[in-house]
Amino acid sequence: MLKRQLCGAFVTLVLVTSAPAAQALTLGTRFAPLFSDERLQGCSLVFETTQPDHANLGGALSLAVGSFTAWAIPDRAPVLMFKLGVSGPGGYNRPTPPHGVALQSDLATNAGDRISAEHLDPGYLSTIFAFGDATIASFFGGVAAGKIDAIYTSNEGGIAVPFSVDLRIAELNLRTGQVMQGQADKEFDSCMDVLLAPTS
């Protein structure tokens, strides 16, 4: 993924950036369709972001790597999986799973739509949300706007760390500041049209 290419640049950014000036940046996003039994069953947005972590790192940058996947498996209600792993300053250490995650819209989150949270992959927390009103507003509203807002906590009762995923950034070169524009939001929308289309 993008992490190997951007890791060195991320370290440089952390070393030359003081905590007060640390910036939240989307390093890259991409769309991925997911197939099972020769049919489309999921639409995924994969992302990497940096964000100042005032809750755990004194404002230093952390690196969040993860994905949002809408699943529509036959004979089951559609759900959203939010998978996230977080690395501390430098980005070289392996990601660790956060304690909890949620999507954010204005002053509300979709925590009430949470169905389950499991450590399916080392270093990551995979949280399943029902397509409730809060999830539809925060996630699908975010896709429509081209930016998804989310939060994570590192421990129970901890202060949440907010971050945003700009779906229009395919890749950000931290050394040059050049941005490769993408269309992950539009590709995801097209995928969802097929995924949720009624079957005859």
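The values are calculated or read from the model by the stated rules, or taken from the named source; none is laboratory data. All of these numbers come straight from a predicted model, not from anything done at the bench. With ideal geometry, Cβ positions are generated from the backbone for all residues, glycine too; neighbour counts draw on all protein chains shown. Calculation scope for accessible area: heavy atoms of the full protein, side chains included, ligands and nucleic acids excluded. Shrake-Rupley method; radii C 1.70, N 1.55, O 1.52, S 1.80 Å.
Would the stretch 77-94 turn up any residue that is modelled with pLDDT of 95 or more, basic (Lys, Arg), more than 15 Å from Glu171 (Cβ to Cβ) and open to solvent by 10 Å² or more (accessible area, probe 1.4 Å)?
Yes - at least one qualifying residue is present in the stretch 77-94.
Considering only the stretch 165-174, I want to know if a residue exists there that is buried (at least 16 other Cβ atoms within 10 Å of the Cβ), within 16 Å of Met81 (Cα to Cα) and without any contact (Cβ under 8 Å) to a residue 24 or more places away in the chain.
no
Consider Gly177 carefully, then state whether it is open to solvent by 20 Å² or more (accessible area, probe 1.4 Å), over 14 Å from Thr69 (Cβ atoms) and either in contact (Cβ under 8 Å) with a residue 12 or more places away in the chain or of a type in the set (A, V, I, L, M, F, W, C) (or both).
No.
Please verify whether Phe131 is among the hydrophobic types (A, V, I, L, M, F, W, C), in contact with a strand residue (DSSP E or B) (Cβ under 9 Å, 6 or more places away or on another chain) and more than 21 Å from Arg30 (Cβ to Cβ), treating the condition exactly as stated.
Working: among the hydrophobic types (A, V, I, L, M, F, W, C): yes; in contact with a strand residue (DSSP E or B) (Cβ under 9 Å, 6 or more places away or on another chain): yes; more than 21 Å from Arg30 (Cβ to Cβ): yes.
Yes; evaluated as a whole, the condition is true for this residue.
For the stretch 18-43, name all the residues that are hydroxyl-bearing (Ser, Thr, Tyr), assigned to a strand (DSSP E or B) and surrounded by fewer than 20 Cβ atoms within 10 Å (Cβ to Cβ).
So the first thing to find is which residues in the stretch 18-43 are hydroxyl-bearing (Ser, Thr, Tyr), and the list is 18, 26, 29, 36.
The next check asks that each one be assigned to a strand (DSSP E or B); those that pass are 26, 29, 36.
Hit for the stretch 18-43 is Ser36, nothing else.
Of the numbered conditions (1) surrounded by fewer than 19 Cβ atoms within 10 Å (Cβ to Cβ); (2) in contact with a helix residue (DSSP H, G or I) (Cβ under 9 Å, 6 or more places away or on another chain), Val65 fails exactly one; give the number of that condition.
Val65 satisfies every listed condition except (1).
Of all the residues that make up the stretch 149-176, how many are aromatic (Phe, Trp, Tyr) and not in a strand (DSSP E or B)? Let's see the steps before the verdict.
First, the residues of the stretch 149-176 that are aromatic (Phe, Trp, Tyr): 152, 163.
Keeping just the survivors that are not in a strand (DSSP E or B) gives none.
So the answer is 0.
Filter the stretch 100-136 for residues that are open to solvent by less than 60 Å² (accessible area, probe 1.4 Å) and more than 16 Å from the chain's Cα centre (by Cα); which is nearest to Ala160 (Cα to Cα)?
The qualifying residue nearest to Ala160 (Cα to Cα) is Ala108.
Residue pairs, Cβ under 8 Å, 6 or more apart or interchain, first in the stretch 46-57 and farther than 14 Å from Leu84 by Cβ, second among the hydrophobic types (A, V, I, L, M, F, W, C) and open to solvent by 10 Å² or more (accessible area, probe 1.4 Å). List them.
Filtered contacts from the stretch 46-57: Pro52/Ala19; Pro52/Ala22; Pro52/Ala24; Pro52/Ala60; His54/Ile159; Ala55/Ile159; Ala55/Ala160.
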